[in-house]
Each structure stands twice: as structure tokens, then as C-alpha cells.
Amino acid sequence: MSTAKTDSFSYLDHSLSFKVKKVLRYVALDGVSKTVAKVKAQYHMVRTEGFEGARWMNPACKSPDAKGRFVGVIGSGKFAHSMVSFYAAKVDSRFLRAAYDLNRARARSLVSDYGAVYAAGTPEELINDPKIKLVYIASNHAMHAEYAIQCLDAGKSVHIEKPQVVTDDQLERLIAAQARNPNCMVFLGFNRPRSPHFKTIQDVFAKQPGTLMVNWFIAGHEMPADNWYFSPAEGGRVLGNLCHWTDLTLSMVGVDKAFPCEIVPACPPNTMSDFCVGIKFNDASLAGITFSAKGHTFEGVHEKLNAHKGDAIVSLIDFKDTTIEVVEKKKTFSTRHRNHGHSENIVNSYIAVRDNDRSRAIDIKYNKATALIFLAVKRAIEEGRNVQVTLD
């Protein structure tokens, strides 16, 4: 089973004019350095030079024992290259000690590009390395929890990309591993709650009484039916994509006010990529989440939020522009580029382990709560019925 986040849609296969337009558009949306990182990741994915034997030692690494070099990465795909490593390197260019991927060429490429010490031949080699304190897990979805459990039991802190689990059994075992390893920290790959846009919205709503009305509309990438996301073992697009917005909505409502809640689906039978789901929370807050994937989205995922609480009405577009209305007062908060919170979330995990700051970690209650909701959403959509969710 592959351990890399992969994508069947490669921009390298398109015409030069398409690629130029894509790069120019993304420079405007994400900035020059981030766009360059994404371009490099496209080429990273097609490299073929691997290695034989147990590991590949990087001859260019001149500081294998640098103080900040305590990170391992499992899964060396585009996300690991252009997100995890790109942002962690901004804190300490010598952050990475080792990488693993079933595709050895990608593991070697990641190690080479970010000046790490070695590419591991097996995940166990990386997990059992005593110099690694934090492991970013960016593998295929079905293995996220499995690797995380192994890492926790080996005394490592873990940053688990979404979704952290794909089954109820994995959730039970992951929570048990987190409980029996209290000295290890757990972080989740739900980046959007750390976006400055989302923090602004949360600050506004915190001052308002009453319950929330939340509506999300997301236009995602079209994927071919043979994409690995759709493998039954991987959890499909509900766990691969929609979980971002179920987690965001839970963050808005708050765990203590959310349960028990009810998932109400309104989807066509056997849908794979088009979802419409309602959530009725315990405090009477309501949320509607619509996810559509009907064609190629040139600028990536489009997402819009409209929300209302008390006197505050909020709209958010693509994590770039936020408008807030409170009675007669209206203001707009905009960032130069889109900010989905990737940098803040990835860096948070590194700093937490570096400084032993446990306040930055995810606790067991939240880890369990957000997973229970997205697993219930998946079940509700697949079975075409309302599903009740309780937090024991």
C-alpha cells in the first residue's frame, strides 16, 4: 500500500500556456514562494531515482546532529513536500532528520531537497530512531492511525494529517494510544481553525449570545473514479475532504455545546463527490455543508461561509476576504493571499515539541469528538438516514 499523498491530476501533463496561466494565477492567490514550492512538488512527484538496501544516506547533509533536527516524515508526496516541509523549514532549515515512503524515489527526493540525514527503508526504522521526537504523518488515509499508534507507543509526538482515522476501530485504538502515552503530544492536520480569518470570526462570535446558524459551500476538485481516495479502505471524499468543514463547524460551536448531535443527509444515492449534509447540535445551533465536485477548479478549492449569531453576520470567501456586520457596523478583513492556516498549524506542532509546550496539542476529548462527527457524516450519507452522535 502506498504511503504517499498522490493526485492523479498532474499539471505537468498540460500545455505550456496552461501551466504559465496556472503559475501566474497562483502567484496572485498564494504568493511567489508558495507557488514555487508547489511547482517543485510537481517535479518531486515524478522523480525516479530511488535507492537499494535499508536506507539512503544523504551525502549533502553536513549537520546530522543539529539541535532542531528532530522531525521524521512518513509519506513523502506533494503535501509533505510543499506544505509540511516547506513551512517547517521556515522555522529551522535543519528540521528534518528522516523521511519514509513506499515509493523510495519520493523519500529520497524529499530528503535531498530539504537536506535531511536519510531516507528510511522501512517505517519502523524511522519510528524507532531515538533522535526523532516528532513525526508528521502524511501517508494514505487508511494508514494515518496505524502509523500514529506505532509512533505514540515508541514515545514520539505525532502530527496526523486529516483524517486521523477512517474507522471506529481505528478511533478507539488511537484514543487508547494517546491515553497510555501522556508524555507524547498529538496534533491534527485540520489547519483552517488556525487561519487568521477563522480566528477573527471566532472572536466576533464569542461576544454574541445565542446559537449559531452556519452554511458552508465548497467546490472541490473533480477526481476520476479510480483515484485512491475512492478506495473503500481510504474513506472516500467525506473523510478525505469534507472532514475539514465538519471540524471547522465543531470548532465554531464548541465541543461542550455540540453533543449529542444529529447528522441529516440530503444526498443522491451512491454519491461519491457531491454532498449536502445538515447538523443539528445539542445547543440548537444548525449547520449546512454542501460539497460539490463537478469539474476542474482552476484556482483550487473554492469555499464560502455564511454564518449568523446574535447581532453578528459573517461571510468568508476562500480564506482571503472576511466581512463582518454587527448592527450598523461593517468591516472587511482581507489578507494579501489566501491563508488556510497551513503554516500556522504545521509550525505549531514543531514549536510545541521543540519548546515542550503541551498547551499547543490536541486533547483526547477533541480528537475523539471531531472524528465521531466525520465518521457519522460518512455513515449517514452512505446509509441515507439520520445518525445520532454522542460523546461518551
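Structure notes:
- Of the strands (runs of 3 or more DSSP E) contained entirely in the stretch 280-392, those carrying at least 3 residues that are out of contact with any helix residue (DSSP H, G or I) (no Cβ under 7 Å at 6 or more places or on another chain) fall at 286-292, 302-309, 312-317, 321-326, 329-334.
- Residue that is nearest to ASP392 (Cα to Cα) [pool: residues in the stretch 230-250 that are touching a helix residue (DSSP H, G or I) at 6+ places or on another chain (Cβ under 7 Å) and free of Cβ contacts under 8 Å to residues at least 60 places away in the same chain]: LEU248
- Filtering VAL301, VAL327 for residues that are in contact with an Asp or Glu (Cβ under 6 Å, 6 or more places away or on another chain) and surrounded by fewer than 19 Cβ atoms within 10 Å (Cβ to Cβ) leaves a single hit, VAL327.
- ARG173 vs. criteria touching an Asp or Glu at 6+ places or on another chain (Cβ under 6 Å) and either surrounded by fewer than 22 Cβ atoms within 10 Å (Cβ to Cβ) or aromatic (Phe, Trp, Tyr) (or both): no
- Those residues of the stretch 89-112 which are in a helix (DSSP H, G or I) and crowded, with 20+ Cβ neighbours inside 10 Å, in sequence order: ARG104, ARG106, ALA107, ARG108, SER109, LEU110, VAL111
- Within the stretch 66-87, residues that are under 12 Å from ILE346 (Cα atoms) reach partners that are polar (S, T, N, Q) with beta carbons closer than 6 Å, at six or more positions or on different chains, in the pairs TYR87/SER343.
- Where SER195 falls short, out of the listed (1) surrounded by fewer than 22 Cβ atoms within 10 Å (Cβ to Cβ); (2) small (Gly, Ala, Ser); (3) closer than 30 Å to LYS294 by Cβ: (1)
Listed here are the residues, each with its yes/no results for (1) over 25 Å from the mean Cα position of the chain (by Cα); (2) modelled with pLDDT under 95; (3) surrounded by fewer than 17 Cβ atoms within 10 Å (Cβ to Cβ).
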position: THR3; (1), (2), (3): no, yes, no
position: PHE18; (1), (2), (3): yes, yes, yes
position: ARG25; (1), (2), (3): no, yes, yes
position: ALA37; (1), (2), (3): no, yes, no
position: GLU52; (1), (2), (3): yes, yes, yes
position: ASN58; (1), (2), (3): yes, no, no
position: VAL71; (1), (2), (3): no, no, no
position: ALA80; (1), (2), (3): no, no, no
position: TYR87; (1), (2), (3): no, no, no
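- Tally of residues being touching a Ser or Thr at 6+ places or on another chain (Cβ under 6 Å) and more than 20 Å from GLU299 (Cβ to Cβ) across the stretch 26-57: 2
- Qualifying residues in the stretch 362-392 (those that are surrounded by fewer than 16 Cβ atoms within 10 Å (Cβ to Cβ) and in contact with an Asp or Glu (Cβ under 8 Å, 6 or more places away or on another chain)) - the one farthest from HIS144 (Cα to Cα): ASN386
- Yes/no for GLY75 being of a type outside the set (Val, Ile, Thr), at positive phi and surrounded by 20 or more Cβ atoms within 10 Å (Cβ to Cβ): yes
The values are calculated or read from the model by the stated rules, or taken from the named source; none is laboratory data. Keep in mind the model is a prediction, meaning the values are calculated, not measured. Note that we place each Cβ from the backbone using ideal geometry, even for glycine, and neighbour counts take in every protein chain shown.
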